[in-house]
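The values are calculated or read from the model by the stated rules, or taken from the named source; none is laboratory data. Small disclaimer: the values here were computed from a predicted structure and weren't measured. Neighbour counts run over all protein chains shown; Cβ positions are idealised from the backbone, glycine included. These accessible areas exclude ligands, DNA and RNA; they are computed on the full protein's heavy atoms, side chains included. Shrake-Rupley method; radii C 1.70, N 1.55, O 1.52, S 1.80 Å.
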Amino acid sequence: EIQDLSMSLRMLPIGPTFQKLQRIVRDTSKTLEKKVDLLLKGEETEVDKTVLENLADPLVHLVRNAVDHGVELPQERLLANKSENGKIEVLAFHQGNFLALHITDDGKGIDPQVLRQKAIHKGIIKEEDNLTEEAMYQLIFAPGFSTKDQVSEVSGRGVGMDVVKTNVESMGGQVRVQSKLGVGSSIELLIPLTMAIIEGMLIEVSGKQFVVPQSQIQEVIKIDLAQAEKFSGINPYYKLRDLVVPIFSLKRDLGLDKRVQLPPIALVVKKGKKFFAVGIDDLIKQ
């Protein structure tokens, strides 16, 4: 009860942080001679005070970026058969033990090939590097990366998106980018609701005990040998319903046991859109 009470005292609505974005959009669009409407949704969503404090700067960067890089000038929008006013939507909602934040604009979108060329030019990646579209979008988070050649008071100063990613990941969160040319872009943040208390699962591997954050575990499975297959390489793969997931042996990766054998139990973990399983000996308690 004390834990629940202290947690409820720490939880604050995200609304006041959202309201500050109105001025950012107004000032930035005025400076850049653009017309932008800001739409805020989920202002009543509650989040831990510490998380809220750490979120303020990344949110300002992302919204300012959407006005600067995303939304086009009024005359460009009219030529593209869009309304003169650009639209930026900031949406907050709870997703399990996480706060989900989506910053979406109806601007020109991000051209992954332009990002790739800029990154090659700046020496961030090599010409021969073969990147997926998602990996190209992640280039905007590289330190010192900017698609602007001219430095203005709004952008091109070499600070920004890399700071956003560092701040979000330091809170145990993730950042994803989605975009469609000519339609717009969306940046999605997934951040733990609280940093004060992390629920854990106590597991056993080779007689030693470890704690895994429960928010990382999608499900726990008992390994059925008939569902496991060994391909070339080091990790076996497991058929989990309609998914095929690699199984990593925790005892081998921690150097506790060199033998490669299938564990009796595995924790299924999701990272971004990818799933994988981590083999353990036993589950002790929550």
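A 1.4 Å probe run over segment 6-115, with the rest of the protein chains in place, finds 49 Å² accessible per residue. For segment 40-150, with all protein chains in place and a probe radius of 1.4 Å, 49% of the accessible heavy-atom surface sits on carbon or sulfur. Here the peptides 212-224, 36-48 are ranked by packing, the mean other Cβ count within 10 Å, and the order with the highest first is 36-48, 212-224. Using the Cα coordinates of segment 25-84, the gyration tensor eigenvalues translate into equivalent-ellipsoid semi-axes of 29, 13, 8 Å, sorted from longest to shortest.
What percentage of the solvent-accessible surface of segment 224-286, computed with a 1.4 Å probe over protein heavy atoms, is contributed by carbon and sulfur atoms? C and S atoms contribute 56 percent here.
In percent, how large is the relative contact order of the chain, given Cα pairs closer than 8 Å and 6 or more residues apart?
It comes to 14 percent, rounded to a whole number.
For the chain, a simple Cβ point-charge model (Lys and Arg +1, Asp and Glu -1, everything else neutral) yields a dipole of about 460 debye relative to the Cα centre.
Can you pull the Kirkwood radius for the chain, inverse mean 1/r over Cα pairs, to one decimal in Å?
One over the average 1/r among Cα pairs gives 21.6 Å for the chain.
Each of 98, 278, 83 was scored by the projection of its Cα onto the charge dipole of the chain, and the greatest displacement toward the positive side belongs to 278; charges sit on the C-beta of Lys, Arg, Asp and Glu.
Beta bridges per DSSP, both residues in segment 173-286: antiparallel share near 90 percent. So which of 108/271; 82/180; 230/251; 222/285; 20/118 end up more than 25 Å apart, counting from Cα to Cα? Over 25 Å apart, Cα to Cα: 108/271; 20/118.
Among DSSP beta bridges whose residues both lie in segment 233-286, state the antiparallel percentage, nearest 5. Taking every DSSP beta bridge within segment 233-286, about 80 percent pair in antiparallel fashion.
Every helix of 4 or more DSSP H residues in the chain counts as -39500 (n - 2.57), and over all residues that averages to -8000 deg cm²/dmol at 222 nm.
Our coupling estimate for segment 26-32, obtained by passing each phi through the Karplus curve with A = 6.51, B = -1.76, C = 1.60 and θ = phi - 60°, is 4, 5, 5, 5, 5, 4, 8 Hz, Gly and Pro reported as x. Scanning residues 5 or more positions from residue 171 or on other chains, none has an amide H under 5 Å from its amide H, with H placed 1.01 Å from N in the peptide plane.
Taking the alpha carbon gyration tensor of segment 35-146, multiplying each eigenvalue by 5 and rooting it gives semi-axes of 27, 23, 12 Å, largest first. Once backbone amide H atoms are built at 1.01 Å from N, residue 218 has 268, 269, 270 as its partners under 5 Å, excluding neighbours fewer than 5 places away on the same chain.
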